[in-house]
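J.: Take a look at this one; I'll ask things after.
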């Protein structure tokens, strides 16, 4: 063990293990997690070369192998609980993705939720025996978030009782679906349904794309890999061009809508329930934001106590870089963010389960709020974690650029969350739509409940003179800070509403008024989400009994809230929520909190409890023995397989003769 | 030509070609640039596969080939002007690096500037005949910015008149030098010089590392590639471990310091001049910030007029995504930033040349200011461009994640500028040191000249009541805005100075006071740099004669300045430089400016004049024919070389049988 990191651990003021239990949910869950870790890490089948040393084709090959192995082993070990499967997979996959990810995340759930009983009877055995490997082809080359814009067509032919699927344009080619390029032999294809010359909108169809035994593409199917990406090298995101592909009528997913043999169309009873899946996945992404940021923080904070550099006091040995105030100021607010998002993720998961329970009882009242919340928080947390991971990487000096740090992998694996499952700006605007609707309800005299109830409190939304209110804010009190965040959100919602109003008054249409106010709308959503995060972090403190942990968590929460105020001080000053002396005081307090957190920094990342074998970071090793392992890693680089690279003989040596 | 992009070009209000001349420096330079473009693009030797489709070893191979070819062709074509060489290379290299980059950037210049005449006589012929390919090995695994911390030793042995070089620890292994791993046969090694048991600090030595004809590592040399990185795949950044490596006394670079045959050490006359190279390289990096951001803006803005998505008005066709206010708000300030940095880069280059002229006349007075300015602006522009490039990438929706967009390459190629040639936070603190020194000089009654002369104006630095000053600011007047940026900088320098003072008053040492104020110091440097950028952009407008171009450049400059105020509104409010109604007005003005710039957006990126063959972006094509080319590119993906990947037979098919 590196003596610096050992010393750090001795200085911690709280019991790391107990904090891990809080993060995992219970001591029992931590125990079970470690049991699964032992299974995976002792399994010789999962010993593997660092994927960074492999070619794209080898990476893909390794990923398919792991996907296949996991299927067998999960059955073998009898791991069936969804949370445990998630843990198992994250340990096998480390900082990379699953080749068959979309098969599990989208293909299977869609089959289960949208097949009628007869279809289930056909498809489930094929799935369970792994005859069918599937993907979910929705996005097209030219069409993403706006589903009505999708161009793929499925035209019913009553003569043969088949659908004829086509990609009528280049931009209609299905694009991006994971596992579509090489892995899957079936795809659920989203297409515009036509029957008897009428359009019936978007529906889902099961399309066989590769031959079941040869795996060759079927007639009319042009399928392949979309090429190298920023990360995701092990996944064959694919394209699919459909040229008069005929599938039987029974391959339309018919639980809700139907096409009868004669071609007559039967509408679905309700469309609201499809909401649920999106909400669920977006809630999961909030958890991923926390996870990825927690990994990045673990690496950079451990490395920052091992790394000595430069000097603070002349003549003294080089200090640990975590002793620089600038380094603390970069990292501790991000550490606080990781904890905040962790708790937000827990809340989202619990809320989702509660509301899904209500829905199954027929009570849909909370669904719109949950939908708005999951959209906004997905955007808020992914944007925030995305830039935070890069700050962590760049706070490791040069070695943060080396793949040995794992930080490049963590970043490229994470960054697509800002775009997939709903582009972030679009998500923010969806939340804004809910906020504005709520605001208008208040204006119309309605009393709101739930998270937006702060919009009720009319008197607070009114602008006040700068000097009138701030005296009541206590900068050391989290509830008081949550309150100013709430007021900021309310004021920014009002500001966005006024912008729309002004646009309407200058004779703009509703739609143009909305577009011309969208900067303000995004800002309002952002403030709303920021408030929710501060509030949930504050609420979480109430659940923590252990005094030492409560104390350090309070410090983190305070730092999170004050740092957010400092970064958005214009908003708080502008709204008259805080005055200039208070803003100056915030800066002073932040410095105090940084110094207060310094002794617990390593313990706080240790509590995330990432085993070295999963983190796969030389810089983030638990034992702090960075440098010897960095050298050992580098020597394994493929370019070192020969002492002299062939390019010397091909290009460099001949160059001498010629000149 | 895509009709949407054609329409955009027709709507432009200015002559694109004339703006290109301004950016290039003159019509003649544009002409010559295009001549060189024709040379490169018509050269069949430079037809190549997209490096994204290659393995690391193939990428490196291709890069060495291009390095070797460029050496021959530049001679052949008689291109010797440094600017023209830079243009030529950037066209050949596109979004990637040069394998022999450090040979040209550091090895050659160091040989030229630090060899004595006898040494020059030996080495120049070896260099000119390409016998010697070199690199510059300074950074060690455990030591970067702080040069005194370097551990490599060079101990003089008078018995044999040799230096014995050693890497005494793991952390002393030379690390990161480009071209060190496989390409170079010599390295300039920075090592702590010992002679007669005395340490004489860091000196440079020419160390042969590979055999001149076999290219095998020499005895005592452990050399290799440091492994895969975030980008730079074509460069063999290397490690070098020295085990009692003996080199002749004459291999110490002896123009300034010397070791006599008997081991006596002769000190250098001055160390100040080494400043020059750093300043030069940092000035170049400012230009790279502009270049990389300009590329990213070109891609995303062209794509944003070709891409249609979602709806603003119900029932109408999907609008171009550049018609969304949120998209304009993301991109136009970045476009303004690219222009701003372009002009700052031009200014830095001119200033560098002027001051170098002064220095050659023995006048060093302006060097400290230039040094401080280049450090701060290097950090300011690279940080800013770094996050901006990612915003551009993520504003392309999903396709921004595809390597076909070129945006992943542009980002990973650019991001190390935040760390190399001086880590950005360290750079900001160096600038802060200069600012604080200047501030203290003013306090001591001195009158400052140059860029920091604003610190002279005592009365302005005093805090004033919020309502006292702002009435004089004209939000439509750039000089007036430059003035508030200047005042903001002055106030933040004062705030940092006060923080140090307070720390000292609570009995902290100078060094601890500095460290405990470093957040404020970085903030002051940032504000100082921001002021310089606004000022230089404003100054540049005075040089532009063409009315139409002047008008659009003014709009951009205004957007740059107002956007900076909006993002830092807390600073301006806190300092009482602007009041709340003015801040609200800033938001309104920004929206107007976005709308004003919209028709010229494509023309403004066209003026950067990147040929498709250099930009290498399917999304950023000049003709806007994105989708057909995206499909064509994807089909060339290596995973598509076979219809069925071997992993199907190895893992997926067997899986069925087993279950």
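Read-outs throughout are calculated quantities, based only on the coordinates presented, and are distinct from any laboratory measurement. Worth saying up front: this structure is predicted, and the values here are computed from it rather than measured. Cβ coordinates were reconstructed from backbone atoms using ideal geometry, including for glycine residues, and neighbour counts include every protein chain displayed.
J.: Among A:562-570, A:112-120, A:433-441, what's the highest-first ranking by average C-beta atoms within 10 angstrom per residue? Intermediate results must be reported in sequence, preceding the final value.
T.: Values: A:562-570: 21.4, A:112-120: 14.8, A:433-441: 18.4.
The most tightly packed comes first, giving A:562-570, A:433-441, A:112-120.
J.: Using a 10 Å cut-off on Cβ to Cβ distances, tally the other chain neighbours for every residue of B:67-74 and report the average as a whole number. Each step should come with its number before you reach the end.
T.: Values: counts 4, 8, 2, 0, 5, 3, 0, 0.
Partner-chain Cβ atoms within 10 Å, mean over residues of B:67-74: 3.
J.: Further, regarding this structure: Is it possible to state the helix-based mean residue ellipticity at 222 nm for chain B, with each DSSP H run of 4+ residues giving -39500 (n - 2.57), the sum divided by total residues, to the nearest 500 deg cm²/dmol? What is it?
T.: Working: 23 runs with 343 residues, N = 659.
For chain B, the value works out to -17000 deg cm²/dmol.
J.: Also, quick follow-up: When the C-alpha atoms of the range A:3-109 are aligned to their principal axes, what extent does each axis show, in angstrom, from largest down?
T.: Principal extents (Cα only, largest first): 47, 33, 25 Å.
J.: Going by how many other Cβ atoms sit within 10 Å of their own, how do B:280, A:163 line up, fewest first? Walk me through the intermediate numbers first.
T.: Values: B:280 18, A:163 27.
Exposure proxy ranking, most exposed first: B:280, A:163.
J.: Given a Förster radius of 51 Å and the C-beta distance between residue B:15 and residue A:128 as r, what FRET efficiency does 1/(1 + (r/R0)^6) yield to the nearest 0.05?
T.: Details: r = 67 Å, r/R0 = 1.32.
So the FRET efficiency works out to roughly 0.15.
J.: Which whole-number percentage describes the relative contact order of the range A:16-152, with Cα contacts under 8 Å and a sequence gap of 6 or more?
T.: Contact order relative to length: 18 percent.
J.: Going 7 Å from the Cα of residue A:72 toward and past its Cβ, which residues in the range A:577-617 have a backbone nitrogen under 15 Å from where you end up?
T.: Backbone N within reach: none found.
J.: When only C-alpha pairs under 8 Å and at least 6 residues apart count, what is the relative contact order of the range B:273-405, in percent? Intermediate results must be reported in sequence, preceding the final value.
T.: On the way: 125 pairs, mean separation 53.5, N = 133.
Relative CO of the range B:273-405 lands at 40 percent.
J.: For residue A:554 and residue A:270 in the same chain, what is the full-extension length gain: residue separation times 0.36 nm, less their Cα-Cα distance, in nm?
T.: Numbers: separation 284, 0.36 × 284 = 102.24 nm, distance 4.53 nm.
Difference between extended and current length: 97.7 nm.
J.: Taking the alpha-carbon set of the range B:265-415, what are its Rg and Dmax in Å?
T.: 20.7, 83
J.: Can you list, shortest first and in nm, the gaps between the label point of residue A:125 and those of its counterparts in the other copies, using a point 7 Å from Cα in the C-beta direction?
T.: Result, one decimal in nm: 8.6.
J.: Let me check against my output: what whole-number percent is the relative contact order of chain B, with C-alpha pairs under 8 Å and at least 6 apart? Show your work: numbers first, answer last.
T.: Values: 987 pairs, mean separation 102.1, N = 659.
In percent, rounded to a whole number, it is 15.
J.: Work out how much length residue A:480 to residue A:504 would gain on full extension: take 0.36 nm times their residue separation and subtract the Cα-Cα distance, in nm to one decimal.
T.: On the way: separation 24, 0.36 × 24 = 8.64 nm, distance 3.64 nm.
Stretched fully, the residue A:480-residue A:504 segment lengthens by 5.0 nm.
J.: Enter the mean number of other protein chain beta carbons within 10 Å of the beta carbon of each residue in B:50-61, as an integer.
T.: Numbers: counts 2, 1, 4, 3, 3, 6, 7, 8, 2, 0, 5, 5.
If you average over the peptide's residues, the count of other-chain Cβ atoms is 4.
J.: Quote the FRET efficiency, to the nearest 0.05, computed for residue A:196 versus residue B:641 with a Förster distance R0 of 41 Å and r equal to the Cβ-Cβ distance. Spell out each step's value before the answer.
T.: Working: r = 44 Å, r/R0 = 1.07.
For residue A:196 and residue B:641, the calculated efficiency is 0.40.
J.: Ok, one more. Could you work out, residue by residue across A:392-400, how many beta carbons of other chains sit within 10 Å of that residue's beta carbon, and then give the average as an integer? Let's see the in-between values first.
T.: Numbers: counts 0, 4, 9, 3, 1, 9, 13, 8, 6.
Counting Cβ atoms of other protein chains within 10 Å of each residue's Cβ and averaging gives 6.
J.: Rounded, prolate or oblate for the range A:541-659? Axes are the square roots of the Cα gyration tensor eigenvalues, ordered a ≥ b ≥ c, and the cut-off for rounded is a/c under 1.5. Before the final figure, lay out the partial values.
T.: Numbers: a/c = 4.65, a/b = 2.03, b/c = 2.29.
Oblate.
J.: Could you work out the mean projected area of the convex hull around the alpha carbons of the protein assembly as shown, in square nanometres to one decimal?
T.: Numbers: hull surface 199.5 nm².
If you wrap the Cα atoms of the protein assembly as shown in a convex hull and average its projections, you get 49.9 nm².
J.: Give, in nm to one decimal, the length gained when the segment between residue A:449 and residue A:216 is fully stretched (0.36 nm per residue of separation minus the Cα-Cα distance). Write out the running numbers ahead of the final one.
T.: Numbers: separation 233, 0.36 × 233 = 83.88 nm, distance 5.61 nm.
Full extension of this stretch gives 78.3 nm more.
J.: Listing A:176, A:383 from the residue with the fewest other Cβ atoms within 10 Å to the one with the most, what is the order?
T.: Working: A:176 25, A:383 20.
In increasing order of surrounding Cβ atoms, one gets A:383, A:176.
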